[in-house]
Amino acid sequence: MKSNEKITALIAARMGSSRFPGKTLEDLHGMPMLSQLIERIKASNYVNDLVVATTDLNQDNDIEEWCKQNEIGCYRGSADDVLGRLTSAAKHFNCSTVVEVLGDNPLVHCELIDSCLIKYFSGDYDYVATLTDEYPKVDISLKRFPIGVRVQVMSLETLKKCSKLTSEERHREHATSFIAENPKIFKTSFIEAKGKFELCNRPELTFAVNEKKNLNLVREIFSMCYKDNKNFNLNDIITAFDNNPHLKVDMGNS
């Protein structure tokens, strides 16, 4: 990995949500959920910049204001064209390598980010991500992480190429789906839930905060794990989940 490489964590976040409006700045263990996510990203050994890409809707003024107060870069763009928003944000902040994380994935851990980055640079890939069930076309035998801890790494050039090649609405809304679906165009690879991540081979679990019940679950995980290690990892999360059967009930049918 080049010592002068600018590696930017790009967080796609918004306040609008049909199932859980306002979730991005909801309290999570004493601070906004977005803030907890950023603290976990900052623990990466390689990420050296951070930008929040939110929408130009009035309801996301609060996110922009929060970013200003906390000296975090913020870009505002289309609510529907997420691919366009991320590409424009990466251009605006002159990002060379982008680590894309969703704002409702507060359990993403720096260890996942660094593993993706190491693989990305070692194999000259266009795109590397943690493998989840969000990639149905990838070999079904490969071991998958829970939903809600996804990390995606790509270059600005890959984002620009993707944005240029697809105008289909679903690809614009789900920003990297075109990349994942076209391995003949983009050189892609995935981090599996094996080796040091063996405990995390739990694709049936969902930690994405899409509904209030998901936030309640994540709050309980924070309350169990944070006191021992503020930067608790995915193995800690899975262990806490398995050792506390009531959390499975809390998860419901997420």
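The values are calculated or read from the model by the stated rules, or taken from the named source; none is laboratory data. Quick caveat, the model's predicted, so the values are computed rather than measured. Methodologically, a virtual Cβ is constructed for each residue, glycine included, from the backbone with ideal geometry; neighbour enumeration extends over all protein chains shown. All accessible areas refer to the heavy atoms of the entire protein, side chains included, with ligands and DNA or RNA removed. Shrake-Rupley method; radii C 1.70, N 1.55, O 1.52, S 1.80 Å.
Side notes on the structure shown:
- Answer label for log10 I(q)/I(0) by the Debye sum over Cα atoms at q = 0.08, 0.09, 0.10, 0.16 Å⁻¹ (calculated), chosen among [x] -0.28, -0.36, -0.45, -1.26; [y] -0.44, -0.56, -0.70, -1.33; [z] -0.34, -0.42, -0.52, -1.16: [x]
- Remark: spin-label model distance D133-L57 equals 2.6 nm, labels positioned 7 Å along the Cα→Cβ axis.
- Measuring from each cysteine beta-carbon in the chain, the ones with no other cysteine beta-carbon under 4.7 angstrom are C95, C110, C116, C162, C200, C225.
- The chain: relative contact order as a whole-number percent, Cα under 8 Å and 6+ apart: 20
- The helix-based estimate of mean residue ellipticity at 222 nm for the chain, built from -39,500 (n - 2.57) per DSSP H run of four or more residues and divided by its residue count, is -10500 deg cm²/dmol to the nearest 500.
- Projected label distance in nm at T239 and S17, using a 7 Å step from Cα toward the beta-carbon: 2.8
- Straight Cα distances below 14 angstrom link K196 to the aspartates and glutamates E111, D114, D236, with same-chain residues fewer than 8 positions distant left out.
- Straight-distance candidates among the aspartates and glutamates for linking to K160, with alpha-carbon spacing under 13 Å and chain neighbours fewer than 8 residues away dropped: D126.
- Farthest toward positive dipole pole in the chain [+1 Lys/Arg, -1 Asp/Glu at C-beta], among S223, V82, M31: V82
- Sulfur and carbon atoms: percent of accessible area, the chain [1.4 Å]: 45
- Over 19 Å apart at the Cα level, from the set K161/K187; K91/K161; K23/K227; K6/K194; K137/K187; K68/K227, are K23/K227; K6/K194; K68/K227.
- Shape of region 149-254, Cα gyration tensor, a/c cut at 1.5: prolate
- Annotation: per residue accessible area for the chain equals 46 Å², rounded to a whole number [probe 1.4 Å, protein chains only].
- The loop-placed trypsin sites (Lys or Arg not before Pro) in region 42-139, going by DSSP, that have at most 12 neighbouring Cβ atoms within 10 Å of their Cβ come out as K137.
- Oblate is the label for region 8-63, because a/c, from the alpha-carbon gyration tensor with a ≥ b ≥ c as root eigenvalues, is 1.5 or above and a/b does not exceed b/c.
- Applying a DSSP loop filter and a limit of 15 other Cβ atoms within 10 Å to the trypsin sites (Lys or Arg not before Pro) in region 149-254 leaves K184, K187, K194, K227, K230.
- An oblate overall shape is assigned to region 1-109, the ratio a/c of its alpha-carbon gyration tensor axes (a ≥ b ≥ c) being 1.5 or greater and a/b not exceeding b/c.
- Averaging the sequence gap over all C-alpha pairs within less than 8 Å and six or more residues apart, then dividing by the number of residues, gives region 1-135 a relative contact order of 33 percent.
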